[in-house]
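Note sheet for the following structure.
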Amino acid sequence: MATLQSDDFELFGLPRQFAQDRGAIDARWKDLQREAHPDKFAAQGPAAQRVAMQWSVRINEAYQRLKDPMRRAAYLCELNGVSVKAEDNTAMPAEFLMQQMAWREALEEAEDVDALNALSEEVGAARARALSSFDWLLDEKGDHAGAVAQVRSLMFIERFAQDVEARYESMES
């Protein structure tokens, strides 16, 4: 039986692996929220409602991590003793940094929607490659250190994708 200290996978009754069915995660979240809703405990008094609220918060935190592939990968790494440490460790391979610089330059030079579309497609493909590597790195190889490097790369890619979106918005205004 799951406790407030259970890991997210145990809490949701899921195997501790990267590959997950998003529909199953969503359905389990709804079931858990229904079971722990504080209103169900109103007749049992304020203490029971507080405990239900703690469960509700814990369930939501787990759901946010499990439903997001990047956060799920990072969490699996941390559960296996390898922390992402994104704020401390920004070292990246030179090839990746060169790609980032090329993307930044392309973003600065993009003067129309077609140029942004091409850049957005390239970034989307890089994101898809990074995400697809997690099944292999985490579930098949158990290479948590390698997965951490991919998580950090994906964080850069996600941040850049947001910059591309902001550029789209600035072109529209």
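Each reported figure results from applying straightforward, stated rules to the coordinates on display, with no laboratory input. Bear in mind the structure is a predicted one, so any value in this text is a computation, not a measurement. All Cβ positions, even for glycine, are placed from backbone atoms using ideal geometry, and neighbour counts span all protein chains on display.
Annotations
- Rg/Rg_globular for segment 94-172, with Rg_globular taken as 2.2 N^0.38 Å and Rg from C-alpha atoms: 1.23
- Angle of helix 46-67 to the longest C-alpha principal axis of the chain, folded into 0 to 90 degrees and rounded to 10: 30°.
- Trypsin sites (Lys or Arg not before Pro) restricted to segment 16-50 and DSSP loop, no more than 14 other C-beta within 10 Å: R16
- Nearest 10 degrees, 0 to 90: helix 69-79 Cα axis against the chain principal axis: 60
- Length added when fully stretched, M101-S6, from 0.36 nm per residue minus Cα-Cα: 30.1 nm
- Between S56, S133, C77, the Cα set farthest toward the positive side of the dipole of the chain (charges on each charged residue's Cβ, about the Cα centre) is that of S56.
- For the chain, size of Cβ-based charge dipole, Lys and Arg +1, Asp and Glu -1, in debye: 1120
- Three semi-axes of the equivalent ellipsoid, segment 8-67, Cα gyration tensor, whole Å, largest first: 25, 10, 8
- Straight-line cross-link partners of K30 among the lysines, defined as a Cα under 25 Å from its Cα and at least 8 positions apart when in the same chain: K40, K67.
- Tilt relative to the chain, helix 22-36 - C-alpha long axis, 0 to 90 degrees, to 10: 30
- Mean-position separation - Cα centroids, segment 15-86 and segment 137-173, in angstrom: 23
- Sites S56 and M171, calculated FRET efficiency, Cβ-Cβ separation with R0 41 Å, nearest 0.05: 0.50
- FRET efficiency for Q44 and M92, using Cβ-Cβ distance with R0 set to 35 Å, rounded to 0.05: 0.10
- Size descriptor, Kirkwood hydrodynamic radius, that averages inverse alpha-carbon separations across the chain, Å: 18.5
- Legend: calculated FRET efficiency, E121 to R22, from the Cβ-Cβ distance at R0 = 22 Å, rounded to 0.05, equals 0.40.
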